[in-house]
Amino acid sequence: MLQSGLYLKRIKGAAMAKVKISDVAREAGVSLGTVSNALNHPEKLCPETLKLINETISRLGYLPNQSARQLAGGATKSFGLVLPRLDHGFSLQIASGAHNEARKHGYDLLIANADNDDILEDHYLRYFMGTQMSGVMVQPMASPDWPPAMTKMPVPIVHLDIHCSEPGYYVAADNEAQGRIIAELAIARGAHHIVVVGRAAFMQLTLRVLGIHKALALHPDIKIEVIDAGEWNTAADGYGIGAQIAERPADERPDFVVGLTDVLASGVVSALVDKGISVPGQVRVAGCDGNPLAWSGSVPLTTVAPPGYEIGRKGVQLLMEQIENKAPAKTKHIRVGSAARTVTAVAAEDINRQELVRPFLLERASTQASSQTDATAINLGAYL
């Protein structure tokens, strides 16, 4: 210990000399290879050795030279994640799942917020490519006509929250199942007249409407009305439509309203309550995208939540699949939980890898019968 202390003083007193990896190895009493594994492959070390090396790194102030690694032609042990925004619970869940899965494989995760700007999104993608990330994930902005960002990628890339038939790797919630699940709930609650609110401006919303129609096709006695208006992220639009619904005569008013997003549904709930319409007593209301940041109204909102955490995890797993060159060579039909997905590959460079993750129902007070308790109340911190 005395010798170690003298060595520390020598390092600190050498005009703030830069600490080298060999200094860490000598101080911790391990080999250079063991320190290298701690930095690049921590899963290979036992917890005690990893703790010892990390404590030594912190004590000496050692900083790995990422620039030197890049100049040597190696990629960093990092993934990049480009998100369209950070004010939606779904994107936050994706980030959480991706972070935990990346750490499991010994990778860091750097997150960029494109702030709903396609130019900024492209800038961050190119930045991550240029800094030699090991792989990049991107959740593109909501768009009615989305094309893949780049045709040729220098590193593995996975697109999140995207349904696409073009070659590439994609992970998305099963949006058609979201619509079907919420329609089945309306049927189970005895709905006779269902109104669907929201302009289906892009693929995810169109698939939700399709799922609703498919579920109700087996119930011709239930009236379905689609109000193709209201921007997906504008609560005021939902409020305006809700006010119009409230002003209808009682015999023309729906008994169940589905907002294609939780933001729209929350606006409808607020308008109905303000106009003296009981939710869920007279009209039940549900959302369809699992956004906890839209649940601040007086009536807890029922929704069908896409498992963003799982989408983030699957995104990292597809990056690892590309890195390890384990891409499938033939068409396959695979299941993730209870959700089917199809993998189609003609050649390695022509693979279309689409994973669909099944959403789940969160029924809360806005659709429950008065005799029910809020059995599905959840810890939002855990959910995020």
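Every number in this text was worked out from the coordinates using simple rules, so none of it is lab data. Values in this document were obtained by computation on a predicted structure and should not be read as measured data. Quick reminder, even Gly has a Cβ in these numbers, built from the backbone with ideal geometry, and neighbours come from all protein chains shown.
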request  = Apply the Debye scattering formula to region 175-306, with a single equal point scatterer on each alpha-carbon and no solvent, then give log10 I(q)/I(0) at q = 0.17 Å⁻¹.
outcome  = -0.77
ask   = Which FRET efficiency value, to the nearest 0.05, is calculated for Tyr127 and Ala229 with the Förster distance at 35 angstrom and r the Cβ-Cβ distance?
value = 0.40
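Just check region 187-258 against the gyration tensor rule for me: Cα atoms, a ≥ b ≥ c as the square roots of the eigenvalues, rounded for a/c under 1.5, and otherwise prolate or oblate depending on whether a/b exceeds b/c.
Numbers: a/c = 2.53, a/b = 1.07, b/c = 2.36.
Cα axes put region 187-258 in the oblate bin.
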task = Subtracting the Cα-Cα distance from 0.36 nm times the residue separation, let me have the gained length for Ile187 to Arg199 in nm, one decimal.
result = 2.0 nm
key: Local net charge near Asn116, Cβ-Cβ under 11 Å (Lys/Arg +1, Asp/Glu -1)   = -4
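When the chain is fully extended, how far beyond the present Cα-Cα distance does His41 get from Leu218, taking 0.36 nm per residue of separation?
Working: separation 177, 0.36 × 177 = 63.72 nm, distance 5.39 nm.
Net length gain for the segment: 58.3 nm.
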query = Which residues does a label at Ser278 reach in region 167-200, if reach means a backbone N under 19 Å from a point 7 Å past the Cα toward the Cβ?
reply = 189-193
